[in-house]
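Note sheet for the following structure.
The values are calculated or read from the model by the stated rules, or taken from the named source; none is laboratory data. None of these values were measured; they are calculated from a predicted model. Cβ placement follows ideal geometry from the backbone for every residue including glycine, while neighbour counts extend to all protein chains displayed. Each accessible area value is taken on the protein alone, full model and side chains, heavy atoms only, with ligands, DNA and RNA left out. Shrake-Rupley method; radii C 1.70, N 1.55, O 1.52, S 1.80 Å.
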Amino acid sequence: MQQPHRPRSLVSRLTETVMVGVVRGVFGLARALGPERSGAVGAALTRTFGPLLRAHKTALNNIRAVYPEKADAEVKALAMAAWDNLGRTAGEYPHLGRLFDFDPDSTVPGRTEVDGIDHFLALRDDGKPGLIFSAHLANWELPAICAARFGLDTTAVFRAPNDPAIARVLHEIRSETMGNLEAARQGAAFAMQGALEKGGHLGMLIDQHFTRGVIVSFMGRPALVNPILGKFARRFDCPVHGVRVIRLPNHRFRLQLTPPLDLPRDPDGHINVQGAMQAMTAVVEEWVREYPEQWLWMHRRWRVPAKASDPKVESNFGI
């Protein structure tokens with residue numbers, strides 16, 4: 001029997017209210033510093049405290065497994081560079097709207113440049129639903145802002161932080177700069193499907209472990225990935241693009257949108273879900289290998305059980 005919903009205690013609500021105020025204060029200070037200095041402060045903090053966390057050991061183990069030829073000093077330097085990128089991304093969060101300043105008609109380069117804007121515009125104007133996958137590279141929030149600025153009807157799927165105060169403030173910032181937002185949760189697939197049925201687009205990060213996902217090869221090792229984009233690609237037979245962000249020198253960024261992927265199909269001509277996710281993951285692998293210092297190595301990405309079941313195991317986002 002389902003337990004009735006229990007209202008939160010007054011202490012719990014007051015604690016969250018106080019924490020929201022604290023988080024807003026931190027973000028306000030970051031805004032006052034400006035994007036460059038707040039990014040630098042964030043990087044300094046993560047480079048200092050990141051190595052003290054358990055996640056640092058995870059990063060070192062991941063890097064050693066992917067790059068067994070690297071000397072220990074190189075492994076540690078790559079991990080530190082990844083912490084630097086993560087800290088800068090956190091410090092830049094209050095400035096997301098300012099970071100994306102791409103203007104195709106301007107002769108003066110801004111903080112952000114876009115490679116493949118024609119693909120964005122084609123997605124916007126073709127009257128079809130579309131899927132866009134990405135990864136935790138550089139400042140991975142920028143593509144959703146680009147889509148909103150150029151009128152691409154996109155629903156960005158995100159995982160909310162566990163801390164409710166941080167989640168609330170981050171949602172406020174995202175709501176100011178991005179289009180439609182959908183939290184990754186039980187039942188979210190129905191909202192995502194509804195967006196596609198209306199001719200909209202879905203954007204989703206696919207480089208994190210998903211316990212009930214399909215097995216793919218990533219960086220030479222088996223990994224589990226959420227298959228929902230492959231399922232939607234099969235159901236709607238719609239274009240699938242990848243988008244990444246590259247952190248450039250002098251506090252600048254480049255967004256790159258790939259052409260539509262040619263996904264594998266079964267003998268009946270339908271898109272193969274596992275094959276589609278493998279194709280998307282292969283693109284992410286190319287991105288990570290090109291700029292490994294800009295990826296989230298501290299995530300426990302490779303967690304396939306020794307006795308993994310059939311790779312077509314269903315996900316929590318079943319459709």
Q. How many angstrom lie between the C-alpha centres of segment 33-81 and segment 231-261?
A. 25 Å
Q) Where the convex hull is taken over the Cα atoms of segment 42-166, what is its projected area averaged over directions, in nm²? A) 10.7 nm²
**Q.** Summed side-chain charge close to residue 143 - residues other than residue 143 whose Cβ falls under 11 Å, Lys, Arg +1, Asp, Glu -1
**A.** +1
Q) Which value, in Å² and to the nearest 10, is the accessible area of residue 107 when all protein chains are kept and the probe is 1.4 Å? A) 130 Å²
**Q.** For segment 220-233, Karplus couplings with θ = phi - 60° (6.51, -1.76, 1.60), whole Hz, Gly/Pro x
**A.** x, 9, x, 8, 9, 10, 5, x, 4, 5, x, 5, 5, 4
Q) Local charge sum around residue 225 (other residues, Cβ-Cβ under 10 Å, Lys/Arg +1, Asp/Glu -1)? A) 0
(Q) Can you tell me the length gained on complete extension of the stretch residue 188 to residue 54, counting 0.36 nm per residue apart and subtracting the Cα distance? (A) 45.1 nm
(Q) Can you give me the solvent accessible area of residue 296 with a 1.4 Å probe, rounded to the nearest 10 Å²? (A) 30 Å²
Q: Pop a pseudo-label 7 angstrom from the Cα along the beta-carbon direction at both residue 289 and residue 61 and give the gap in nm to one decimal.
A: 2.4 nm
Q) In terms of solvent-accessible area of protein heavy atoms at a 1.4 angstrom probe, what is the ranking of 304, 216, highest value first? A) 304, 216
Q.
With θ taken as phi - 60° and the coefficients 6.51, -1.76 and 1.60, list the Karplus ³J(HN,Hα) couplings across segment 188-204 in order, rounded to whole Hz; mark glycine and proline as x.
A. 5, 4, 5, 5, 5, 4, x, 5, 5, 5, 8, x, x, 10, 10, x, 8
Q. Where the only charges are on Cβ atoms (+1 Lys, Arg; -1 Asp, Glu), what is the dipole of segment 212-282 about its Cα centre, to the nearest 20 debye?
A. 440 debye
